[in-house]
1. For Cα pairs less than 8 Å apart in space and 6+ apart in sequence, what is the mean separation divided by the residue count of the chain, i.e. the relative contact order in percent?
2. How would 74, 64 line up from fewest to most surrounding beta-carbon atoms within 10 angstrom?
3. How large are Rg and Dmax for the stretch 113-154 when only the alpha carbon atoms are used, in Å?
4. Run through every distinct alpha carbon pair of the stretch 39-79 and return the Kirkwood hydrodynamic radius in angstroms, one decimal place.
5. Enumerate the amide H contacts of residue 52 below 5 Å, restricted to partners 5 or more residues apart or on another chain; note that Pro and chain-start residues carry no placed amide H.
6. When every alpha-carbon pair in the stretch 6-102 is counted, what percent end up more than 16 Å apart?
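Rule-based calculations on the coordinates, nothing more; no lab input. Keep in mind the model is a prediction, meaning the values are calculated, not measured. We place every Cβ from the backbone using ideal geometry, glycine too, and count neighbours over all the protein chains shown.
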Amino acid sequence: MTLLPAHFPLRKLDRDAHTKQFLAPEAEHPEWGRAHRFDFLYRFYDSDLEPLYFGITAGTASRWDQHRKRAAWWPSADYVAVSFYPTFEAVQAAEKAAIRHGRPRYNKQFSSWPASIPLRLDRTAEHAAAQLFRDAPSEFIAELAVLLTQPDRFERPEPPPPARFADGLD
């Protein structure tokens, strides 16, 4: 049986708790027995619920203990939300989307959109659209959609004339 993603509610973080207690509220959830063996996304917020830092780890809160010891943002972390995913690929995609959407103050990775993406034109238009929706900002996609309805606005390269023999050489 495949575990579906499980999204636990936002809760107050006890920053001073023992590492084993960090996930105590999630451990009370009926799915915990299966979920805790999977990768999870965690999102830390300050007292105003502004995103501080989002990350992923594999099944334990020991990563949180590293944050407690080293991260400049840890003293500001007041709330946490946890989401479990069935595969590492799924939690990686969720982390990337969460960081780009939430724009946490202390994340560096995925915090800006890529300057370029390899858009595959040898596949379907639907595939290209899915890639854009996954990797490009929504504002850029909206602007691009408007521009694509105005093909006369853009210069197209002029092909050379058809190849033919010089006069009298056929």
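1. 22 percent
2. Placing the least packed residue first, the sequence is 74, 64.
3. 10.9, 29
4. After inverting the mean inverse Cα-Cα distance, the result is 10.4 Å.
5. 44, 45, 46, 105
6. The calculated P(r) of the stretch 6-102 puts 53 percent of pairs beyond 16 Å.
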